[in-house]
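The values are calculated or read from the model by the stated rules, or taken from the named source; none is laboratory data. Not measured: the values here are computed from a predicted model. When we count neighbours, we look across all protein chains shown, and the Cβ atoms used for this are built from the backbone with ideal geometry, even at glycine.
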Amino acid sequence: MIKNLLLFGAVMALFCMKANAQNLKLSYNSSLIYPGAKVGYEVPLTTKNIEKIKRSGKKKIFTREKLLSVNAAFYHHKNYHDNLYVTAGISFRRTKPSGFFFEFSPELGVSRTFIDGTTYTFDDTDVLKIHKTNGYFYPLLSVGGGFGYDFSVKKELPVAAFTKLNILTSYPYNSGFYLRPTFELGISYKLK
Amino acid sequence: MKQIIIILIALLFLAACHNEEITITNNVSDHFYIKNGLNSSMVRVNGNAASKIFLLYIHGGPGGDGFSYRNSYVENNIENRYAAVYYDQRNSGSSQGANNIEELTLENMVDDIEKLITVLKYRYGNDIEIFMLAHSFGGLLSSGFMTTNDNQQLLKGWIYVDGAHDYPMNDSLTRVHLINAGNEQITLGKKVTEWQEIVDYCNAHPNNFNFKESMKYNSMAWKAMSYLKDKSSTNGNDDDELAIAIIEDKIPTTAYALNIQANAVFAEKLIHASYSDYLHKVTLPTLVIYGKNDFVCPLELGEALFSSISSTDKEFVLSDISGHSPMDDDRENFYNHVIRFIEEHTEL
């Protein structure tokens, strides 16, 4: 399953390289109080300008986008683990004429933890040894939602600022699953 | 982006490649992991490692954690004398692992403790003395450890606190205690509806308990102790200490919570677990401490263990004011007995 997810991620990355419009995202990515960072790459799949007439007669105009995104992130939880993870998924974004946007993004990926502490293990003959880079691979589901401001809507500035809350779910983790909230605060730069 | 990912991976590898310098002082604060199969258990060692005396906590649950036994009293009265070892069993507390549900067995947990002791001796010296303090489910696990191979020779003493070495016997005794206390409280007119519900359940489910009934007896035992709480003297600051441990970044909160949930599956496998037939193998000096008001693991369970082991050097202590956790309910008295037991049996 992990191999398949990696393959999926690689295909997504290739697709992004070939696409026209692209966004590069960089964010501070903390898990509660544990610091980290995240980089992402987005490609718009569909863009629709929508006009709706409200019951009051007022016009409601917004842009609805679906973006393909691939991301790499990590956080550092002292004494517990460092978690490096890559994800790919679809972001559903709605941007108002003012430049404010909201988005929801489910992503699939894979995580590799690096346990933060000396790890002792035993070989087949029960001889003690120190295991460096001890950690585990986990399939990962990330579901996040957030909002931001796209400066390119009203000004000639190819930048957006955003904040987002994600829930990471690793499964199988020990006898069950593992949940981890992360908070993102970052900027997105339009490459084209 | 490729370069960024490579740099990130390189940084993580560098961060993960520990070359820990082990120092043995009278005030250590160490943490390390032991990997066995697909599980990595966290071990914290705090206190006076220079004393060469180690008090190893085997926590309850299954799915509890070692660090919750640490509090200001233990820091000031135990860690100043000895090194306290707070060990998270597999799939518990801060332990991490991949898909390892098949490995979650008592046999593997016993093997984990053997390996933990090997690591403690590697880190702190072959001449250290280890006293095992086992509580509740830890009583079942430590009974497995003591009766497997020559494991007891790795220890200087066994402190057995409100343990559950025989689950079927445990449920039967809990039922008897609930009926007796229930009838007494109903006669006294105290919480009559609540107690009547408990007594009715006990009468309707007399023996051959399945997992659901066993869990029900366990939850009624906790309820009963809460109804009778005025009989116990609790220190009452444990919640604060747990909150402080979370804030001070000593407890990975979500892992703790989710590991408790995961152990519910394991608990079902333990429904018939019992070491009663093997306890005669135990010859190690043993201190048994029970709370008189414990409905979860009634004191007769401790008496049965006490009479079953072959140790000639053994002592039974009953705390009149304790429920399931004398180390919290009757803290000073409890640790005075622990210290006395260690001092009587250390050769250092």
Is at least one residue of segment B:184-201 farther than 14 Å from B:D294 by Cβ, acidic (D, E) and crowded, with 23+ Cβ neighbours inside 10 Å? no
Quick check: is even one residue across segment A:44-59 within 14 Å of chain B (Cβ to nearest Cβ) and either exposed (fewer than 14 other Cβ atoms within 10 Å of the Cβ) or touching a strand residue (DSSP E or B) at 6+ places or on another chain (Cβ under 6 Å) (or both)? no
How many residues does segment B:72-110 contain that are in contact (Cβ under 8 Å) with a residue 60 or more places away in the chain and over 24 Å from B:L258 (Cβ atoms)? 7
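To keep it simple, each residue is scored yes or no on (1) in contact with a Lys or Arg (Cβ under 6 Å, 6 or more places away or on another chain); (2) part of a helix (DSSP H, G or I); (3) surrounded by fewer than 13 Cβ atoms within 10 Å (Cβ to Cβ).
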residue	(1), (2), (3)
B:T312	no, no, yes
B:E315	no, no, no
B:G323	no, no, no
B:D328	no, yes, no
What residue, of A:D116, A:D123, is more than 30 Å from A:Q22 (Cβ to Cβ) and surrounded by fewer than 20 Cβ atoms within 10 Å (Cβ to Cβ)? A:D123
Candidate set from segment B:25-73 (those that are assigned to a strand (DSSP E or B) and basic (K, R)); member that is farthest from the other protein chains (Cβ to nearest Cβ): B:R44
Residues in segment B:184-191: is at least one within 21 Å of B:A273 (Cα to Cα) and outside the structural domain of B:G302 (by TED's automatic domain parsing)? no
Within segment B:269-281, can one find any residue that is under 22 Å from B:S68 (Cα atoms), away from chain A (no Cβ under 14 Å) and part of a strand (DSSP E or B)? no
Which members of segment A:69-106 meet the condition of being within 8 Å of chain B (Cβ to nearest Cβ), of a type in the set (F, W, Y) and in contact with a Leu (Cβ under 9 Å, 6 or more places away or on another chain)? A:F74
Looking only at segment B:45-87, which residues are aliphatic (A, V, I, L, M) and crowded, with 20+ Cβ neighbours inside 10 Å? B:V45, B:A49, B:I53, B:L55, B:L56, B:I58, B:V74, B:I78, B:A83, B:A84, B:V85
For segment A:94-140 the number of residues that are under 23 Å from the mean Cα position of the chain (by Cα) and farther than 20 Å from A:Y75 by Cβ is 9
